[in-house]
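The values are calculated or read from the model by the stated rules, or taken from the named source; none is laboratory data. It should be emphasised that the depicted structure is a prediction, and the values quoted were computed from it without experimental measurement. Cβ coordinates were reconstructed from backbone atoms using ideal geometry, including for glycine residues, and neighbour counts include every protein chain displayed. All accessible areas refer to the heavy atoms of the entire protein, side chains included, with ligands and DNA or RNA removed. Shrake-Rupley method; radii C 1.70, N 1.55, O 1.52, S 1.80 Å.
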Amino acid sequence: MKKWKVLTIGSLVCAICLLIPAFKPDVWDYNLELMKGQIRKMDPQQQVALSDITPFEWDVLYSFVPYASKEAVYETVGYRWDNIQETVSEGMNQIVFMHDGKVVCHIYGYPANNGFGLYVKGQNEGEPFVSINSSDHIILTPKQMKDAILLYQTEK
């Protein structure tokens, strides 16, 4: 009987240890919440640097054009992960921040659902994305909407 108790308790401990990581938020979700917090704190009448609203380390940002396929996103970031969906409208964001080859923040969806929208410029001829390096000094101009703050890259 004692053997069964030990086995049962051991199995429960193992199960709990295996389940704990399932409840831990992914780094891209955690960093998105940090970014939302920074955006909520900003003055919607003042321009802001992209670096001031990204309180996490990143090397490159990819902003995908509307209707970019999942395959295009996977090919660009270098691996697959299960959170990717295709954008189905011109007004949606699909932005991926990378650090050391890993996704560290993912913005997906309509600005009204996220509380903000981010619109950056650039030219990657023939590519389904615009890329920005963290060393680029990007200034954003906010526009307060009913349900969201839209942040547009200021002309260089």
Mean accessible area per residue over segment 103-156 (1.4 angstrom probe, all protein chains present, square angstrom) is 56 Å²
If we sort 32-45, 50-63 on the protection proxy, mean other Cβ atoms within 10 Å, highest first, what's the order? 50-63, 32-45
Most to least packed among 129-138, 97-106 [average Cβ atoms within 10 Å]: 97-106, 129-138
Read phi for every residue in segment 96-109 and hand back ³J(HN,Hα) as whole Hz from Karplus 6.51 cos²θ - 1.76 cosθ + 1.60, θ = phi - 60°, with x for Gly and Pro. 10, 9, 10, 9, 6, x, 10, 6, 10, 7, 9, 9, 9, x
If contacts are Cα pairs under 8 angstrom and at least 6 residues apart, what is the relative contact order of segment 70-156 in percent? 21 percent
If you roll a 1.4 Å probe over segment 60-154 with all protein chains in place, what percent of the accessible area is carbon or sulfur? 47 percent
Around Phe64: net Lys/Arg minus Asp/Glu count, Cβ-Cβ under 12 Å: -3
